[in-house]
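So the structure is just underneath, and the comments pick up after that.
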Amino acid sequence: MQFGVSTFVTDDGINPAALGKALEERGFGSLYVAEHTHIPVKRESPWPGGDELPRHYYRTLDPFVTLAAAAAVTERLRVGTGIALVVQRDPIILAKEVASLDLMSGGRAVLGVGAGWNREEMRNHGTDPRTRMRLMRERVLAIKELWTAEQAEFHGEFVDFDPVYSYPKPVQDPHPPVMVGGAGPTTFDRVIDFGDGWMPIYGRGTDELPQKIAELRERAGRRVPVTMFAVPPEPKVVDELRDAGVDEILFGLPTEPEDATLRRLDALAELL
């Protein structure tokens, strides 16, 4: 089993370069960062985590700038999005960003994807919340085409472009893994259709986890990698997830200044 952290990197927390270096020094294998481009002042969409939206949601840095900074000062740390809001991003630009990160890091990029929950936020990007799942599918498929084809083209309902050259190509073969977030009734359909792995949030639809992982792998006909997001740092939870067949655990790391973060990482490292 592999261990990493998932967190919100913000302008009032630890610097991403310092965070990446500290993680690698303590033996962690990965860093996954969240994304919100902005938070609309007038918001009716309920936050899945509770009543009041935490401060760090308002202040996230750009995930790919963040991950590039962490990758630049590390040699082994895998750097990923948890999650990238694909329905709010141009797929041609996103393909280039992830491929550039993969090239710069020597093949350590991971693209975690999701459709998001904040309808007001996605509407500001011109996205209709009612069709966001279909939009996400097409954009991910288009990104994979851009990563792997010399002359990439895509013709769909939402994404449509004639043959193009798109460089750089990723270092990883055939491309960086695409981890699909969520744990809803149709999530496995998306993982099997266009994903390379499953990345649910701990405690949100992850009950009966051994049976669900077995079902996913049976339906896919392959051993689908599973990364568990926002895991509490409890030995019992780690043991349960290992027994369930989870491949990677991401401990939820609160957003704090550098000194407090380093102390927390020291404590987390004992679980490794």
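What follows draws every value from the coordinates through simple rules; no lab data is involved. Computed from a predicted structure; not experimentally measured. Don't worry about glycine lacking a Cβ; one is built from the backbone with ideal geometry, like all the others, and counts go over all protein chains shown.
Pairs of Lys residues in the stretch 2-269 are counted when their Cα atoms are under 24 angstrom apart and they lie 8 or more places apart or on different chains; the count is 4.
Net charge in the neighbourhood of THR74 (other residues with Cβ under 15 Å of its Cβ; Lys, Arg +1, Asp, Glu -1) is +1. All alpha carbon pair distances within the chain were sorted into 10 Å bins beginning at 0; the resulting P(r) in whole percents reads 7, 30, 38, 23, 3, 0. Expressed as a whole number of Å, what is the distance separating the alpha-carbon centroids of the stretch 33-111 and the stretch 119-152? Centre-to-centre distance over Cα atoms comes out at 15 Å. From least to most packed, judged by other beta carbons within 10 angstrom and beginning with the fewest, LYS42, LYS212, LYS236 follow the order LYS42, LYS236, LYS212.
Neighbour counts of other Cβ atoms within 10 Å put TRP198, TRP47, TRP147 in the fewest-to-most order TRP47, TRP147, TRP198. Among beta bridges from DSSP that stay inside the chain, the antiparallel ones total about 10%. Residues considered: PRO16, PRO257, PRO91. Largest GNM mean-square fluctuation over the chain, using C-alpha springs under 10 Å, is found at PRO257. By the count of other C-beta atoms within 10 Å, a proxy for reagent exposure, THR60, THR186 are ordered fewest to most as THR186, THR60. Toward the positive end of the charge dipole of the stretch 2-269, with +1 on the Cβ of Lys and Arg and -1 on the Cβ of Asp and Glu, the farthest Cα among HIS36, VAL171, TRP198 is that of TRP198.
Fully extending the segment from VAL73 to ARG123 would add 14.4 nm, taking 0.36 nm per residue of separation and subtracting the current Cα-Cα distance. The alpha-carbon positions of the stretch 126-272 define a convex hull whose volume is 169 Å³ per residue.
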